[in-house]
1. Can you tell me how many residues in the range 79-105 are without any contact (Cβ under 8 Å) to a residue 40 or more places away in the chain and within 17 Å of M26 (Cα to Cα)?
2. Given the conditions (1) closer than 18 Å to C146 by Cα; (2) in a helix (DSSP H, G or I); (3) touching an Asp or Glu at 6+ places or on another chain (Cβ under 9 Å), which single one is not true for A94?
3. Suppose the filter is assigned to a loop (DSSP other than H, G, I, E, B) and either hydroxyl-bearing (S, T, Y) or farther than 18 Å from F109 by Cα (or both); does P28 pass it?
4. Need the failing condition index for S32 against (1) among the polar types (S, T, N, Q); (2) within 27 Å of D141 (Cβ to Cβ); (3) at pLDDT 95 or above, just the number.
5. Can you find a residue that is of a type in the set (D, E) and closer than 27 Å to R116 by Cα anywhere in the range 41-60?
6. Restricting to the range 28-59, name every residue that is over 14 Å from the mean Cα position of the chain (by Cα), touching a residue at least 24 places away in the same chain (Cβ under 8 Å) and surrounded by fewer than 20 Cβ atoms within 10 Å (Cβ to Cβ).
7. With in contact with a strand residue (DSSP E or B) (Cβ under 9 Å, 6 or more places away or on another chain), modelled with pLDDT under 95 and either surrounded by 15 or more Cβ atoms within 10 Å (Cβ to Cβ) or outside any helix (DSSP H, G or I) (or both) as the only criterion, which of L89, L103 stands out?
Amino acid sequence: MIRKALIPDARAIQKLLMDYSRDGLMLPRSLSEIYENIRDFYVFAEQGTVLGTVCLSICWEDLAEVRSLAVAESASGRGIGRSLVEICLEEARALGLRRVFALTYKPGFFAKIGFREIEKSELPHKIWGDCLKCAKFPDCDEIAVCIDL
């Protein structure tokens, strides 16, 4: 079941994100940062266990980012990631956003949902925000993808 994240989900969200950040696949997020942004998160929970998470972060009047997409390894391949991205796209449409992007190492995953590859230079607000915190900046090897709504 996908639902908006609740305060008690914060530690489970952080654990999922840390599993990916240890492998260098995403930036880590502090527990404090997760609490501050909990309203932006969705979770996929099954029998009270959080198996997946995603965050829709609004960047500008017409632009949002799908970020912090993580699915527990034990639940991989079940379509949870796709469902989480799709719920973000539904919310983005409801908010009147025209474009959603992601930075990813798996552009093929996003392509199946309708995203296309773009140059990072098309995302100036993003590049000078979170990217400055990344150890890989300015030599980012993630691929920018976006979808027009």
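The values are calculated or read from the model by the stated rules, or taken from the named source; none is laboratory data. Please read all numbers here as calculations on a predicted model, not as lab measurements. With ideal geometry, Cβ positions are generated from the backbone for all residues, glycine too; neighbour counts draw on all protein chains shown.
1. From the range 79-105, those without any contact (Cβ under 8 Å) to a residue 40 or more places away in the chain are 79-82, 85-86, 90-91, 94-96; that's our starting set.
Those left that are additionally within 17 Å of M26 (Cα to Cα): 81, 85.
Of the residues in that region, 2 qualify.
2. A94 satisfies every listed condition except (3).
3. Working: assigned to a loop (DSSP other than H, G, I, E, B): yes; either hydroxyl-bearing (S, T, Y) or farther than 18 Å from F109 by Cα (or both): yes.
Yes; evaluated as a whole, the condition is true for this residue.
4. (2)
5. Looking only at the range 41-60, we keep the residues that are of a type in the set (D, E), and these are 46.
From what is left, the residues that are closer than 27 Å to R116 by Cα are none.
No, the conditions are met nowhere in the range 41-60.
6. Scanning the range 28-59 gives Y35, A45, E46, T49.
7. Working: L89 fails: modelled with pLDDT under 95.
When all the criteria are applied, what remains is L103.
This table checks each residue for (1) farther than 23 Å from A144 by Cα; (2) assigned to a loop (DSSP other than H, G, I, E, B).
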| residue | (1), (2) |
| --- | --- |
| R3 | yes, no |
| M18 | no, no |
| S57 | no, no |
| R78 | yes, yes |
